[in-house]
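Here it is, the structure, as structure tokens.
The values are calculated or read from the model by the stated rules, or taken from the named source; none is laboratory data. All values derive from a computational prediction rather than experimental measurement. FYI the Cβ positions are ideal-geometry reconstructions off the backbone, even for glycines, and counts take in every protein chain you see. With ligands, DNA and RNA removed, areas are computed over all heavy atoms of the protein, side chains included. Shrake-Rupley method; radii C 1.70, N 1.55, O 1.52, S 1.80 Å.
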Amino acid sequence: MKKSAAGTGPVIIKKYANRRLYNTETSSYITLDHLAAMTREGRDFKVVDAKTEEDITHNVLTQIIMEEEQRGQTMLPVNFLRQLIALYGDSMQAMVPGYLEASMESFRRNQQQFKSAVEGAFANSPFAEMAKRNMEIFEAATQAFKPGANPGAPAAPAAPAPAASGEDDVAALKAELARLQDKIEKLAK
């Protein structure tokens, strides 16, 4: 996680007995949704009990996960939860947090690599050209419905038709798909 904008460490969030959260950086009350957004933005924060100054960040983050799961954003399969619960009190319990943290970091890195590979793969592909042509057609169609458009005027020139036949397009798409599969296999290694 990143440090706070001021670079002085994590943002301190105070939790009061009435369950309200107070952001000391912005001097305002916030919700768990705000904390979830801060987490997604990479903002580092620490939640402390306003009365005892006890660090309760872990409890609040767990509460955010529970609320996300209740909203239907389930990411934690039942079998995983059962295995996790079974590890409490086990001799391996001390190793689990480090293992999970390393696994999530590895997953995040792989996710970034995959995203970059996919974005790069489609940059100069037939899919990108098709999307560009579709957007040009859509923009031309929307021009006709704008106020002040002259319905009797000739339509904007259409995008030039591709020189290739349908069979050539299919062949190009198959070649692109094979190239993407090779990239994915290389990333998996």
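How much area per residue is accessible in segment 51-121 when the probe is 1.4 Å and only protein heavy atoms are counted (Å²)?
About 85 Å² of surface per residue is accessible.
Counting only residues 5 or more places away or on other chains, whose amide H sits under 5 Å from the amide H of ILE56 once H atoms are built in the peptide plane?
VAL47, VAL48, ASP49
Right, another one. What do you reckon, how do TYR16, TYR88 stack up by accessible area (1.4 Å probe), largest on top?
TYR88, TYR16
From the Cα gyration tensor of segment 1-122, with a ≥ b ≥ c the square roots of its eigenvalues, which class applies: rounded if a/c is under 1.5, or else prolate if a/b is larger than b/c, or else oblate?
Verdict is oblate for segment 1-122.
How big is the accessible area of VAL96 in square angstrom, nearest 10, if you roll a 1.4 angstrom probe over the protein chains?
VAL96 has an accessible surface of roughly 30 Å² with all protein chains in place.
Please compute the modelled spin-label separation between GLN112 and ASN18, points set 7 Å along Cα→Cβ, answer in nm with one decimal.
In this crude label model, ASN18 to GLN112 measures out at 4.2 nm.
At what distance in nm do the modelled label points of GLU185 and SER91 sit from each other, each positioned 7 Å from its Cα along Cα→Cβ?
Placing both labels 7 Å beyond Cα along the Cβ direction yields 4.3 nm.
With every protein chain in place, what's the accessible area of MET92 (1.4 Å probe, Å², nearest 10)?
90 Å²
Next question, about the same structure. For ALA175 and LEU81 in one chain, what is 0.36 nm times their gap in residues minus the Cα-Cα distance, to one decimal in nm?
29.6 nm
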